Every structure is written in structure tokens, then in C-alpha cells.
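Single-structure report; data block below.
The values are calculated or read from the model by the stated rules, or taken from the named source; none is laboratory data. Predicted, not measured: the structure shown is a model, and the values here were computed from it. Heads up, the Cβs are rebuilt from the backbone with ideal geometry, glycines too, and the neighbour counts pull from every protein chain shown. The area values use the complete protein model at the heavy-atom level, side chains included, leaving out ligands, DNA and RNA. Shrake-Rupley method; radii C 1.70, N 1.55, O 1.52, S 1.80 Å.
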Amino acid sequence: MLPTVARVLDLEVMRRGLPQVLAGADRLERPVRWVHVSELPDVAGVLQGGELVLTTGIALPEDREGLARYVRELADVGVAGLVVEYGRRYFDTLPRALVHAAEQRGLPLVALRRELRFVAVTEAVHALVVNAQLEQLRTSEAIHQVFNELVVEGAEPAEVVRQVARLAGAPVVLENLAHQVLAHDPAGRPEHELLEDWERRSRGVRPAGRTGHDPRSGWLVTTVGARGEDWGRLVLVQEPGPLPQEGPHPFTMLLERGSSALALNRLVVRDRESLERQTHRTLLAGILTHALTVSEVALRAQALGVPLEGRRLVGAVLRRRSGPIPAALEAQARLRDFTELAASAVRACRLSALVGALDDEGVGVLIALGPQQEEHAALDAFGAALRRLAAEAARDSAAPAPVVAVGSSVGSVRDARRTLLEATQVADAALHDSPGGRTASYYRLPDVRLRGLLHLLREDTRLQTYVERELGPLLAYDAEHDAQLVRMLRIYLEQGRNKSAAADAAHLSRPSFYDRLHKVERILGVDLDQVESCLSLHVALLALDAVRR
């Protein structure tokens, strides 16, 4: 930062002149851009603002109006202050008109009671100014290097915000246009103090221009956007009060550079999930992995516009039914579209929910129901909206609807993990259920029956041992000969042990299908005409699905 008038007066070379502040004592924090020595009464015409004017006053006007005009012209051009030395024109006091005019215009007026070499003053102050300018250049270069590296590396918005907070040493928040927190860094301060009642506080801060300072809150705010499309604000949170110095805030460049990095990041990754979805995904992952505490989840969700406390919480997991395995980039795009589809269904039903990808195939939804919202009606509306939107997106009403699995509702954020885990287990089991004939728009644990039980037990080594004991030889034979006998067995059992129907479903002639069933019997040492044997094998196949999942 440039030296202030107070800093200049505190220099050893200035203290030798016994400086005395006669006016503008409350403006001594003005930055000094340069020192100008002049005896001209019309010196304002050659100044640019920010100068500290040194004079002996030898050529100043004698009349009251002339002195007032002299001060007015200096103040209008924006000089930092006026220093008058005793000994040539004035000896122990300055004209009242000069002091009064300076006080009226808020111009720092300083009298030097002892003569000084003005050249020594200019050398000392200019050394400070040049050093400050060099430091500004070094800081600017360091900031540009940091954010250039972030842009090149494709850093996530949370990392950009973290770097802004680190360099500023103050909390930073990235919000959307609805004043919901997308990313934040409290800079070592209590998180709840930063995010508490954020939306209301933020709506009250509207500085003029794209970057501005609000003295009531102390916040420095810059708009984030590119190509004429603004989508958020970057906020540097400081204590209430005016700026520490006139002119540009020392953190303005830092905040604007961070804003540019965020805007460029959004343009580069436009085809990836939105920042809002990323934030929702982070919260859902924090719930499932215990990476975030209950209070952190509640606080961040509240700041994001999804209040969780005091609500009934219902976890839902959405999965697409099996189809061709897409390439990696296509899979990422499909998951992004699927997530946005779920978010659209939430908005269509006017629900409050966190929506984000859970893994490469599924989307998690944590619905927060208010006291007036009936659970079954809300879930039915959500499931129906999702089916309708999925059909519209596919332009094919016959396309299989996604699986919607719902966990048991819970009454606190602490239990949110339980409802999400239950929904995940139900979704895994429901994927293998035939959707034909179902009227309900979502699955719950009772709907998946035996599959649900097996999915709950899939980590149990006893179930895994059972699968190997019942199907191990057949799985080994298929692996060695690529015979697909497990598939033939599955079709036979799914067709209710009707061999003719099973042959048709397998697209094989009856003799050929019957021959494969005989091979299954020989390899496993079972009789497929026995109901109990078939029941045991069917359970083993369902358990195999659960274990593989």
C-alpha cells in the first residue's frame, strides 16, 4: 500500500521539522502518491491527485478569498495534503482563512515549525512510494501466477475460493444469483458465523458497479460471469467500516482475478455438472462418508437454500435400468443429464432437496419435507414427474423408466445417512425387478422382498459361501467354455420352470434348450424337476446379483 499522510509525518526527516496538524486530522490516512514542491498559487492545474504539496507559502494570496480558492482548487484535484513551512512567509501561525478553508474541505493542513530541506523529504517519500509500487507489482505478479496455474489445471471453484481466502487472509464466499452459497472458505474462523442467515445478509449488500465495497457490512463484492451472462458473486467478508484508504481497495485486484478464474472455469467445463450440482454432491457424500459433521451439513445446506433441520428427511436413489455400456465420456454426460433430470423433477414438484450424483450410475436425492407436506403424496408426485421428464427427454414413452428407490423417512439430520443407505440398497435390488405391471412410481424396502433381504446381506461371507456352493461349478464351466449355462438356468427359473416358454425366451429350439438344462443338471448334480432344488438355485441367482452389485 502507498504511504499515508500519517506515515509521511512519522518519517525521521519530517519529524525534524516539528510538524503540527492544523486541519483535516481525520483524513491523515489518505495515500500519498507523490510529493510536489511548489510556491505557485495556481499549482492545482499541474497536479493529478494524491500528491503531498510542500510550500513555504511565499507566493500565496494575501486575501481571504484567494486563500479559500487556493485550498478549494487543491481539494478539488484530490491532493493528499498541504504542508506549509514557517520561516519565509509565515513564522508562528498560518492565516485563519487558510486553516478554516482546509478544515471545511477536509484537506490535511500541516505546519512545519522548523525549516527542512524539501529535497530530503521528497527523496524519503518517493523511496516509500517506489517501494510500494514495486511491492504492488510483485503482489500482482504472484496473484496472476497463482490464478493462471489454477485455470490451466482446471481447478474446481472450491480451490479458487480457497486461494482467494488464503491470499486475503479473510473469509470468502461464492454465491449464485439467488444468494445461495456454492463454495466458501472461512479462513480459520467459525463456519457458523460466516454462513449463519447468509441469504438475508447477502441480499442487503448491493454495492454499485460490478465490484464494490459496502461500508455497512465491510464486504467487498464482485460479480462473476462471462460473455454477458452473470451467474454469481464472489464476496470477501470483512468487518464493517469504511475502506482503510481512499482509492482502490487493496484486495480488489485479488477478488476480480478470482472472479475471472471462476468464470473461465465455468466456460471450460460447461459440459460438466453445474456448480450447484457439485455442491449438492459434496454434501451428500459428506453425509454418507461422515466427512462432514451433522452441524456442518445442516449449516451448509441451509446456506444453499435447502433447510434440513426441523424437517422430515427422505432419502431417494435413482438408477437407470441396464442397457448398453457407454464410453467413459458418454457415461459422464449421461450421468450429468440424469442428475439434472432429477433436479428438474424436484423443482417441478416444488420440493426442497439435495440432488447429486452418488457414483457413476446413480443419483441421490435427500428430500426435506415441511410440516404441511404429506410424504406419500410428495413422493408419488416426484416419481411421476421423473417418469414424465425421462420420457420427454428420450422422446419415447416406451423407454424404460428409471428406478426410484426410497428409504424410510427420518426426523433429524443425524439420521439422514440411514435413509440414504436404505434407498441405495433398495435401488440395487429393484434394478433386477421387472417393471411390468407396477403402478407405484417408486420402490421401498417391502417392495423388493427377497431381493431386498439378499442385498442387505450381500457383505455377509455366509451368503457368498452359499452362492459359491450352489453355483460355483456352473460359473467355472461358463468361464472356461463361454457356454452361458447360468443364463439358461436363470431364464428357466424366471419362466416358472416352463421349459417351452423358457426355450422361446432364450431364442433356442426346444431340443437345444433341453440339452443345456441337462448339462446344468450334470454339472451341479441336481434335479431341476425338484421344486426345492430350483428354489435353492433361484435364491442363489438372486444372491449372485446382490453380491456382484
When the range 93-139 is examined, which residues are found to be under 25 Å from Asp26 (Cβ atoms) and acidic (Asp, Glu)? Glu103
Within the range 153-188, how many residues are charged (D, E, K, R), assigned to a helix (DSSP H, G or I) and touching a Pro at 6+ places or on another chain (Cβ under 9 Å)? 0
Would you mind telling me which numbered condition in (1) under 50 Å from the mean Cα position of the chain (by Cα); (2) surrounded by fewer than 17 Cβ atoms within 10 Å (Cβ to Cβ); (3) at pLDDT below 90 Val146 fails? (2)
Which numbered condition trips up Leu52, out of (1) closer than 22 Å to Leu18 by Cβ; (2) open to solvent by 70 Å² or more (accessible area, probe 1.4 Å); (3) in contact with a His (Cβ under 9 Å, 6 or more places away or on another chain)? (2)
Only residues in the range 305-322 that are farther than 30 Å from Ser202 by Cα and assigned to a strand (DSSP E or B) count as the first member; pair them with residues that are open to solvent by 10 Å² or more (accessible area, probe 1.4 Å) and among the β-branched types (Val, Ile, Thr), Cβ under 6 angstrom, at least 6 apart or cross-chain, and list the lot. Val317/Thr424
Output the residues belonging to the range 496-532 that are farther than 23 Å from Leu475 by Cβ and among the hydroxyl-bearing types (Ser, Thr, Tyr). Ser500, Ser509
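So that you can scan it fast, the table gives a plain yes or no per residue for (1) closer than 19 Å to Ala546 by Cβ; (2) modelled with pLDDT of 95 or more; (3) of a type in the set (Phe, Trp, Tyr); (4) open to solvent by 50 Å² or more (accessible area, probe 1.4 Å):
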{"site": "Ser397", "(1), (2), (3), (4)": "no, no, no, yes"}
{"site": "Pro400", "(1), (2), (3), (4)": "no, no, no, yes"}
{"site": "Val403", "(1), (2), (3), (4)": "yes, no, no, no"}
{"site": "Ser412", "(1), (2), (3), (4)": "no, no, no, no"}
{"site": "Arg418", "(1), (2), (3), (4)": "no, no, no, yes"}
{"site": "Ala423", "(1), (2), (3), (4)": "yes, no, no, no"}
{"site": "Val426", "(1), (2), (3), (4)": "yes, no, no, no"}
{"site": "Ala429", "(1), (2), (3), (4)": "yes, no, no, no"}
{"site": "Gly437", "(1), (2), (3), (4)": "no, no, no, yes"}
Identify, from the list Glu65, Glu29, the residue that is in a loop (DSSP other than H, G, I, E, B), among the acidic types (Asp, Glu) and either modelled with pLDDT of 90 or more or surrounded by 15 or more Cβ atoms within 10 Å (Cβ to Cβ) (or both). Glu29
Using beta carbons and a limit of 7 Å, which pairs, at least six apart or on different chains, have the first residue in the range 54-74 and touching a residue at least 60 places away in the same chain (Cβ under 8 Å) and the second one in a helix (DSSP H, G or I) and surrounded by 14 or more Cβ atoms within 10 Å (Cβ to Cβ)? Leu54/Phe118; Leu54/Val121
The helices (runs of 4 or more DSSP H) lying entirely within the range 453-547 that contain at least 2 residues which are within 30 Å of Gly407 (Cα to Cα) and open to solvent by 40 Å² or more (accessible area, probe 1.4 Å) are 461-481, 485-494
Expected output for the range 197-211 (first residue part of a helix (DSSP H, G or I), partner among the acidic types (Asp, Glu) and surrounded by 10 or more Cβ atoms within 10 Å (Cβ to Cβ), Cβ below 8 Å, 6+ apart or cross-chain) is Trp198/Glu175; Ser202/Glu175
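Conditions tested, residue by residue: (1) among the small types (Gly, Ala, Ser); (2) modelled with pLDDT of 85 or more; (3) touching a His at 6+ places or on another chain (Cβ under 6 Å).
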site: Tyr443; (1), (2), (3): no, yes, no
site: Leu457; (1), (2), (3): no, no, no
site: Val467; (1), (2), (3): no, yes, no
site: Ala476; (1), (2), (3): yes, yes, no
For the range 214-235, how many residues meet the condition of being open to solvent by 30 Å² or more (accessible area, probe 1.4 Å) and more than 25 Å from Asn265 (Cβ to Cβ)? 2
Hey, could you check the range 252-297 for residues that are surrounded by fewer than 17 Cβ atoms within 10 Å (Cβ to Cβ), under 23 Å from Gly225 (Cα atoms) and of a type in the set (A, V, I, L, M, F, W, C) and say which is modelled with the lowest pLDDT? Val269
So the check is Cβ under 7 Å with 6+ separation or different chains; which pairs have a first residue in the range 116-137 that's on the phi < 0 side of the Ramachandran plot and a second one that's open to solvent by 30 Å² or more (accessible area, probe 1.4 Å) and of a type in the set (A, V, I, L, M)? Phe118/Val37; Thr122/Val37; Val129/Leu2; Ala132/Met1; Ala132/Leu2
Scan the range 3-20 and give yes if some residue there is crowded, with 18+ Cβ neighbours inside 10 Å, closer than 30 Å to Phe251 by Cα, in contact with a strand residue (DSSP E or B) (Cβ under 9 Å, 6 or more places away or on another chain) and hydroxyl-bearing (Ser, Thr, Tyr), otherwise no. yes
Take the residues in the range 348-394 that are of a type in the set (D, E, K, R), over 13 Å from Ala440 (Cα atoms) and surrounded by 13 or more Cβ atoms within 10 Å (Cβ to Cβ), then tell me which one is modelled with the highest pLDDT. Glu375
Only listed residue being open to solvent by 50 Å² or more (accessible area, probe 1.4 Å) and not β-branched (Val, Ile, Thr), chosen from Leu128, Leu134: Leu134
Would you mind stating whether Arg444 is within 26 Å of Arg418 (Cα to Cα), among the charged types (D, E, K, R), surrounded by 15 or more Cβ atoms within 10 Å (Cβ to Cβ) and in contact (Cβ under 8 Å) with a residue 60 or more places away in the chain? no
Flagged pairs (Cβ under 7 angstrom, 6 or more apart or on separate chains; first in the range 90-102, within 11 Å of Arg113 (Cβ to Cβ) and open to solvent by 10 Å² or more (accessible area, probe 1.4 Å); second in a loop (DSSP other than H, G, I, E, B) and not charged (D, E, K, R)) are Tyr90/Gly57; Asp92/Tyr86
